[in-house]
Structures are given as structure tokens and as C-alpha cells.
Amino acid sequence: MRSTAISSLKKNRLALFSKAFLAASISIGSAPTASMADDGDWAQWRGPARDGIAAEQNLLKSWPEGGPKLAWKYESAGLGYSSSAVSNGRLYTMGQRGADTLAICLDAKTGKELWGQRIGPGTQSNDYFTGWGGGPRSTPTVDGAHAYFLSDLGDLACLNVADGSVVWSKNLIKDFGGGIPQWGYSESVLIDGDNLICTPGGKTFLVGLNKKTGEKVYESKGFEDASQYVSIMKTNVGQTPIYITAAKSGMVAFDAKTGEHQFTSPTTGNETAVIPTPIIVGDQVYHSSAYKAGNTLVKLSSQGGKVTADEIYHFDKESMENHHGGYVLNEGTIYGFTSALRGAWVAQDLKTGNILWNHKTGKTRSGSIAMADGMLYCYDDSEGVCYLVAPSRDGWQEKGSVKLPSEWSGDRQRGAIWAHPVIAGQKLIIRDQDLIYAFDIAR
């Protein structure tokens, strides 16, 4: 694994060697190392490239009636919406148990808990607007021998993956002057080389920290806004590396070396909540958000070291209006769930922005999506069903489905099914608050 969590996928022919080497050399409880990376890893938010697409893993293209076989279940994840990161045979997530927020590590093959580490207090009713329940929202980021966890209250911790011991910890409010967003901190931090990048918000909207010590390396300049729920992406425009995220004022970018504000593209901003992660396609960026903001495609260019974004299109009616389930790009088509069209799964042409089709599944209010081996995994938030769908510009092509064997027993108004699906180690991993299920989807 490279030192950055944004690593290029290895060649498929190395997969069998990697797995054999892991099986032969890792004993139970031993610490995985950066050199033991597995092609099936999903070591951060939305997978290897933060775009919702998994590494190739030789997975089923259709499921039997009733869905794939359950490999294991874990029933003590605690409250929260964090999805999972999987690296070197271990699964990392977060949850609130009682008065504490915990980082949790499981054996990814068996679901056995290896360790749990408190990283901060659990959510109280007056910490922020907890109408949808408290608990952590972000996904851990694994980088070699360390994993990074951010709680909904802004507690940021670097832990040793071997045993969960704390290397360093910070708080985004106390240490960097940030402010808890209305529904709690939700972004999943980016590891870029030697730095950790995140958005405390306010005057220190974005910061770069030394990933080994947690000390501040730099902060953003020329921009001030409240932190939102968007996870940062990185790209290069000409010779200028930039970080792209979003705020209520719209999609924003910063020079990755200096923190200087580069541009604000306002069309997907809104006054309630901006959540989805942008998708970068060459010199273009696609972004969508809900609350009538819609979606946009912009073209990036650089002149004299200053990056600008020119709008190609923006649609805010009867189009993609993604709330928080994300979207994926496959062969020029965007797939995801829209709050518009009375709530539906949609396919959208990336080039023109035209909606190609929409499809409704039950009472779904929102849905999260991932992609692996050329197939879509569409997870609804109302009935706990994950659909396997073949991508097509001609319509919804369902190839099977699996329902949660049992659902969380709490109040749905205090804990919806919003954790994103993860595909790693030839398993589909889905969460419903306390409950994590892993299904065997190997071909």
C-alpha cells in the first residue's frame, strides 16, 4: 500500500499471490503492515479511489433467490452511520456504545471483534440537532500501520491498527476553531502523502495535519464557511494539485500545497445540508446535492497557477438530486438515487445531464450505491434491501437482492439505514446501526 490512501489498483494477476501470502504469514492478532496490501481492500470512504468503485474481485453476476449466503454477523457496532473500511484482513468502523464513541476493529473474514478503542464522548441530545439520532457518521481511513477516525463531535484520532492504541488525537473545535455541523461531523478524512486533510469549518475551513503527529501543517486561506458533510477529493489541474469539497456556498477548491482558495462553484450549494462526494473525470467534476440544489458538471482549467471552474450544465428540476447515498460513474453514465422524481434510482448521461431512466423500489426515501466487477449494489434505506443491478442505459436490470436478516430494533426516526455498502474481500458488507452483516459474493 502506498503512503497515501489514494492508491492505484494493482494488477489483477497479483491477487492470488497476495491472498496466499497473507494466509501464510498473518497469525491471529498480529499487526498487518503496509507491504501486505490486498487487492480486495476498501481502505477508506467509497473505496480505493473514493469514487464508490471496488477493486476487481471475481464476484457473482447474479444472486440466487433469497440472496447470497451470510458469512457472518456482528451485533455490537453501536449507534451511528459509519460504514466500514477493510484493509489487510481487518474491518474498521465506528459506533456509539452508551456514553462513549468507539473505534472498532473486526476480523474481516469472521466478524470477530479484535479491539475497541474509545476516541471521545458519545453524542448527547444538546450537542447538535440529533433528530435522526446520534453516533459517528464518518468512515475510517486506513493507511499502513495506522487508521484515522473522526467522530460526529469532532474528535479526531490516529490509532495503531495492531491493537487500537492511540498515537495522537485532536478535536476540530478546540484545536482548530471549527464548529459542529447541524447533524454532526460526517466527512471521512483524506490521507495525502504525509498529510491528513479535513474541514473543521469557519475561518479554518480546511486544514492539513501531519499524519504522524497531528500537528497543523497549513490551513486554507481566502475562504470562510461552515463545515458540511462532504469528503474531500484531490486532483491535478495542469501543474496545480487541488482539493475539492463543498460547503453551503457550493463546491469549493483549494491549492493542495498552500491552502489558497481557488474557486467556488455555487450551483450545488444549499442552506440545509451538502453531503455527497464529488466525482472527478479528467478535467471535469460532477457534483449533486439535495434540497432542490440538483446537479452540475464543471470543467477545470488553470492559468498562472489559478484554477477556475466553468459550468457545463446544471439541472435542478426532475433530475439527480442526491441526498447522501452517493453516485457512481460507469461508461459515461451516472447511477444513484434522487430525491426528485418522487424518490427513485436513476441513470443520468454524464455528458449531457439527461436522465435516461428512473426506477422505484418500495418505500425507499434514499439509497446508497457502490459498484464492483461491473455491477451496481443499490442499498435502500427503508426496508434494508440491497439490490444487485447490471448497469444499463436502457433501464433497471435487477440480478438479485438480499434483505437484512434482521433489522435494528430501535426507533427508525432515531437511526435510519444510511451506512453505505462496502464490497471487499469478496464480501458485501452492509450495516444497520448496531448490526453489520457480511455476505459471501465470490463467484
Scanning segment 385-415 residue by residue, those touching a Ser or Thr at 6+ places or on another chain (Cβ under 9 Å), surrounded by 19 or more Cβ atoms within 10 Å (Cβ to Cβ) and assigned to a loop (DSSP other than H, G, I, E, B) turn out to be TRP396
Scan segment 301-308 and give yes if some residue there is touching a helix residue (DSSP H, G or I) at 6+ places or on another chain (Cβ under 9 Å) and surrounded by 15 or more Cβ atoms within 10 Å (Cβ to Cβ), otherwise no. no
Here is a list: ASN295, ASN270. Which entry is free of Cβ contacts under 8 Å to residues at least 24 places away in the same chain and either part of a strand (DSSP E or B) or not acidic (Asp, Glu) (or both)? ASN270
Which condition number in (1) modelled with pLDDT of 95 or more; (2) more than 22 Å from the chain's Cα centre (by Cα); (3) part of a loop (DSSP other than H, G, I, E, B) is the one that GLY362 fails? (1)
What about ALA99, is it without any contact (Cβ under 8 Å) to a residue 24 or more places away in the chain and either in contact with a helix residue (DSSP H, G or I) (Cβ under 6 Å, 6 or more places away or on another chain) or surrounded by fewer than 24 Cβ atoms within 10 Å (Cβ to Cβ) (or both)? yes
With SER87, SER76, SER82 as the choices, which residue is over 20 Å from GLU398 (Cα atoms), surrounded by fewer than 19 Cβ atoms within 10 Å (Cβ to Cβ) and touching a residue at least 60 places away in the same chain (Cβ under 8 Å)? SER76
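Looking at SER231, SER319, can you tell me which residue is over 24 Å from PRO136 (Cα atoms) and part of a loop (DSSP other than H, G, I, E, B)?
SER319
From the list THR296, THR338, THR352, THR361, which residue is surrounded by fewer than 21 Cβ atoms within 10 Å (Cβ to Cβ) and within 22 Å of THR268 (Cβ to Cβ)?
The conditions single out THR352.
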State yes or no: is SER138 outside any strand (DSSP E or B) and surrounded by fewer than 24 Cβ atoms within 10 Å (Cβ to Cβ)? no
Within segment 188-203, does at least one residue satisfy the condition of being outside any strand (DSSP E or B) and either among the aromatic types (Phe, Trp, Tyr) or modelled with pLDDT under 95 (or both)? no
Could you run through segment 238-267 and say how many residues are more than 12 Å from LEU206 (Cβ to Cβ), assigned to a strand (DSSP E or B) and either of a type outside the set (Ser, Thr, Tyr) or out of contact with any Phe, Trp or Tyr (no Cβ under 9 Å at 6 or more places or on another chain) (or both)? 6
Say we look at segment 416-443 and pick out the residues that are among the basic types (Lys, Arg) and not in a loop (DSSP other than H, G, I, E, B); which of these is nearest to the chain's Cα centre (by Cα)? ARG431
Just to check your reading of the model, which residue among LEU159, LEU153 is hydrophobic (A, V, I, L, M, F, W, C), outside any strand (DSSP E or B) and buried (at least 19 other Cβ atoms within 10 Å of the Cβ)? LEU153
So in segment 170-222, with the set limited to residues that are of a type in the set (S, T, N, Q) and in contact (Cβ under 8 Å) with a residue 60 or more places away in the chain, which one is nearest to PRO136 (Cα to Cα)? SER186
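The values are calculated or read from the model by the stated rules, or taken from the named source; none is laboratory data. This is a predicted model, so every value here is computed, not measured. Glycine also receives a Cβ, built like all others from the backbone with ideal geometry; neighbour counts cover every protein chain displayed.
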